[in-house]
Amino acid sequence: MTFKELEAKAAELAAEVETLKAENAQLRAALEAKTAGPALVASEVLTLLTGLRHNGKTYAPGDRVPFDPTNPPEGCGGLVEGVHYRKERVLSHAS
């Protein structure tokens, strides 16, 4: 190859590198747009293993316990963890 041919090839490769850099920047921006959003946060909730009727409303198994079973309102005592409810970790979007 002659020197002029090498210069032409170098210019061609430099242009290709710039094209690839621009494409890479576009792909990175698209990826960031897809993954950007509220982060997921784990929280502990108490869910019912059995049905429950409280304040005129019926709660099905799997619903969240409508009150703190460790300090229940009057007339709602006697819930036992592992029998009537369980602790679960739930993922939700951070606000």
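The values are calculated or read from the model by the stated rules, or taken from the named source; none is laboratory data. This is a predicted model, so every value here is computed, not measured. Heads up, the Cβs are rebuilt from the backbone with ideal geometry, glycines too, and the neighbour counts pull from every protein chain shown.
A few comments on the model shown:
- Selection count where residues are surrounded by fewer than 12 Cβ atoms within 10 Å (Cβ to Cβ) and either part of a loop (DSSP other than H, G, I, E, B) or touching a Leu at 6+ places or on another chain (Cβ under 9 Å) (or both), scope segment 62-91: 14
- Any hit, segment 42-49, residues being out of contact with any Phe, Trp or Tyr (no Cβ under 9 Å at 6 or more places or on another chain) and among the hydrophobic types (A, V, I, L, M, F, W, C): yes
- When we screen E81, E7, E18 for residues that are modelled with pLDDT of 95 or more and either of a type outside the set (A, V, I, L, M) or on the phi > 0 side of the Ramachandran plot (or both), the only hit is E18.
- Selection count, segment 31-53, where residues are more than 30 Å from G75 (Cβ to Cβ) and not in a loop (DSSP other than H, G, I, E, B): 8
- Filtered residue count, segment 41-61, keeping only those that are aliphatic (A, V, I, L, M) and exposed (fewer than 10 other Cβ atoms within 10 Å of the Cβ): 2
- Residue in segment 11-29 that is under 27 Å from S92 (Cα atoms), free of Cβ contacts under 8 Å to residues at least 24 places away in the same chain and not assigned by TED's automatic domain parsing to the domain that holds K87 present: yes
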